[in-house]
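One structure below.
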Amino acid sequence: DVKVTQSSRYLVKRTGEKVFLECVQDMDHENMFWYRQDPGLGLRLIYFSYDVKMKEKGDIPEGYSVSREKKERFSLILESASTNQTSMYLCASSLFLVELGAPKAFFGQGTRLTVV
Amino acid sequence: DQQVKQNSPSLSVQEGRISILNCDYTNSMFDYFLWYKKYPAEGPTFLISISSIKDKNEDGRFTVFLNKSAKHLSLHIVPSQPGDSAVYFCAASPNTGNQFYFGTGTSLTVIP
């Protein structure tokens with residue numbers, strides 16, 4: 001089974017702090033994603049990466065940056081945490097091969113971040 | 001603009017009955033559609049998918065129907081069980097398979 005591991009389940013940070021959320025996958029997947037989940041808004045894509053050192057902005061990249069130095073690791077960085085970044089953060093990885101059928105994203109367990 | 005929409009935030013169903021969750025999309029370039037299930041404080045888990053060349057895919061109690069002309073898909077759960085109570089997300093992916101667009105989710109409650 002694919003395993004996607006996020007470094008923390010719960011985090012509490014202060015406004016203005018720099019926050020690092022780490023994600024590691026063990027299945028050699030090319031694609032990795034960071035989403036945030038908020039009530040009534042579903043899963044919104046922050047950034048994604050389709051290869052090492054490559055990154056693409058998603059729908060809500062403002063206030064975030066990412067790093068992918070190794071294929072298995074994708075980090076989300078909150079440059080200066082603000083209270084409106086309090087949310088559930090979800091990391092995912094995926095692999096798509098036509099012969100395997102539909103692509104699937106595999107998610108980590110999520111990090112509940114509270115910014116006070 | 002939301003490319004995948006789930007217009008029903010919540011749904012309650014009696015145990016043993018059918019649950020029908022709906023999803024609409026706007027981009028005709030989507031080639032794959034997926035359903036995910038999410039319990040509180042956990043990440044979403046993959047449930048079932050369908051390719052745009054099909055109109056139905058079945059896996060046990062779960063069936064997904066795709067109506068491309070209406071840009072609409074639905075997930076049927078028969079029979080519904082209390083353990084099915086969760087938030088269900090619809091997602092769509094283009095033929096590159098490297099992006100996933102999610103809906104806002106429907107919270108399903110199955111009443112024993």
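The values are calculated or read from the model by the stated rules, or taken from the named source; none is laboratory data. Bear in mind that the values here come from a model prediction, so they are computed numbers and not experimental data. With ideal geometry, Cβ positions are generated from the backbone for all residues, glycine too; neighbour counts draw on all protein chains shown.
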In a strand (DSSP E or B), among the β-branched types (Val, Ile, Thr) and without any contact (Cβ under 8 Å) to a residue 40 or more places away in the chain, is that true of residue A:52? no
Is there a residue in the stretch B:78-87 that is within 21 Å of residue A:108 (Cβ to Cβ) and modelled with pLDDT of 95 or more? yes
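Here's the yes/no breakdown for (1) buried (at least 17 other Cβ atoms within 10 Å of the Cβ); (2) of a type in the set (A, V, I, L, M); (3) facing chain A (nearest Cβ under 8 Å); (4) without any contact (Cβ under 8 Å) to a residue 12 or more places away in the chain:
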| position | (1), (2), (3), (4) |
| --- | --- |
| B:21 | yes, yes, no, no |
| B:29 | no, yes, no, no |
| B:34 | yes, yes, yes, no |
| B:45 | no, no, yes, yes |
Report whether or not residue A:25 is more than 9 Å from chain B (Cβ to nearest Cβ), farther than 25 Å from residue B:107 by Cα and touching a strand residue (DSSP E or B) at 6+ places or on another chain (Cβ under 6 Å). yes
Please tell me if residue B:70 is of a type in the set (A, V, I, L, M, F, W, C) and more than 13 Å from the chain's Cα centre (by Cα). yes
Look at residue A:35 and say whether it is within 9 Å of another protein chain (Cβ to nearest Cβ) and not in a loop (DSSP other than H, G, I, E, B). yes
Looking at residue B:5, is it surrounded by 14 or more Cβ atoms within 10 Å (Cβ to Cβ) and closer than 20 Å to residue A:45 by Cβ? yes
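Condition check ((1) farther than 24 Å from residue A:35 by Cα; (2) modelled with pLDDT of 95 or more) across all residues:
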| residue | (1), (2) |
| --- | --- |
| B:13 | yes, yes |
| B:30 | no, no |
| B:37 | no, yes |
| B:54 | yes, no |
| B:61 | yes, yes |
| B:65 | yes, yes |
| B:89 | no, yes |
| B:94 | no, no |
Given the criteria in contact (Cβ under 8 Å) with a residue 24 or more places away in the chain, within 11 Å of chain A (Cβ to nearest Cβ) and over 13 Å from the mean Cα position of the chain (by Cα), does residue B:94 qualify? yes
Only residues that are in a strand (DSSP E or B) and either among the acidic types (Asp, Glu) or in contact with a Cys (Cβ under 8 Å, 6 or more places away or on another chain) (or both): list them for the stretch B:68-88, please. B:72, B:73, B:74, B:75
Counting only residues that are of a type in the set (Ser, Thr, Tyr) and over 17 Å from the mean Cα position of the chain (by Cα), which one in the stretch A:81-116 is farthest from the other protein chains (Cβ to nearest Cβ)? A:82
Within the bounds of the stretch A:12-19, is there any residue that is within 14 Å of chain B (Cβ to nearest Cβ) and either surrounded by fewer than 21 Cβ atoms within 10 Å (Cβ to Cβ) or closer than 26 Å to residue B:51 by Cα (or both)? no
